[in-house]
Amino acid sequence: MIGLVLRFGLAGAIGFGVDAGTLLVAAPLLGPVWGRLVSFAAAVLTTWAINRNLAFADRPRTTGKGLELLRYFGAMLPGAAVNWLAYGIVLALLAETTMVLVLAVAAGSLAGMATNLVAADRLVFRRREL
């Protein structure tokens, strides 16, 4: 289980980089909310690919890639709610700067990580029952 958490954390760290980097590009064009929608979608796509091939590589795929990605995206929505709440709190409390946007994404990512791990483990990459 510790190995799974570490691999999931690595995927999350890379996803954070994608999320924050995409937000820094998108926010000047779309604002912090719409930009975050774009960056969050990019991060989910990235973490699904990494988790499928690293954290949950030992678990057989039970559906096609497209359906699995949709299930993954849906399973990440509860974690996204926690993530967005933390993101919004940081933005509400601090003046919007580039560094604050990154800090807000980090706070959200950390807040949603446990929820996302449980959802991925139990809903998307389930172990097959024998």
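Counting other Cβ atoms within 10 Å as a rough exposure proxy, the listed residues 113, 76 run 113, 76 from fewest neighbours to most. Exposure proxy shown here: for 58, 19, the number of other Cβ atoms within 10 Å sets the order, fewest to most, as 58, 19. Sites listed here are GluC sites (Glu not before Pro) in segment 51-130 whose DSSP assignment is loop and whose Cβ has at most 14 other Cβ atoms within 10 Å: 96, 129. Just add up the charged neighbours of residue 52: K/R +1, D/E -1, any other residue whose Cβ is under 12 Å from the Cβ of residue 52. Charge balance in the 12 Å sphere: +3. Size descriptors for segment 1-49: radius of gyration and Dmax over Cα atoms are 12.2, 41 Å. At R0 = 25 Å, how high is the FRET efficiency between residue 59 and residue 13 if r is their beta carbon distance? Nearest 0.05 is fine. With a Förster radius of 25 Å, E is 0.75.
Other residues with beta-carbon under 13 Å from the beta-carbon of residue 67 carry, at +1 per Lys or Arg and -1 per Asp or Glu, a net charge of +3.
For segment 2-124, what relative contact order do you get, as a whole percent, if you take Cα pairs closer than 8 Å and at least 6 residues apart?
28
Gain on full extension, evaluated as 0.36 nm per residue between residue 33 and residue 1 minus their Cα-Cα distance, stands at 8.0 nm.
Across all directions, the average projected area of the convex hull around the alpha carbons of the chain is 7.7 nm².
Which of the trypsin sites (Lys or Arg not before Pro) found in segment 76-130 are in a DSSP loop and have at most 14 neighbouring Cβ atoms, other than their own, within 10 Å?
Loop-located and lightly packed - 126, 127, 128.
Read the figures in this text as sums done on the coordinates, not as results from a lab. In this text, all values refer to a predicted model and were calculated from it rather than measured experimentally. Please note: Cβ atoms are built from the backbone with ideal geometry, for glycine as well, and neighbour counts cover all protein chains shown.
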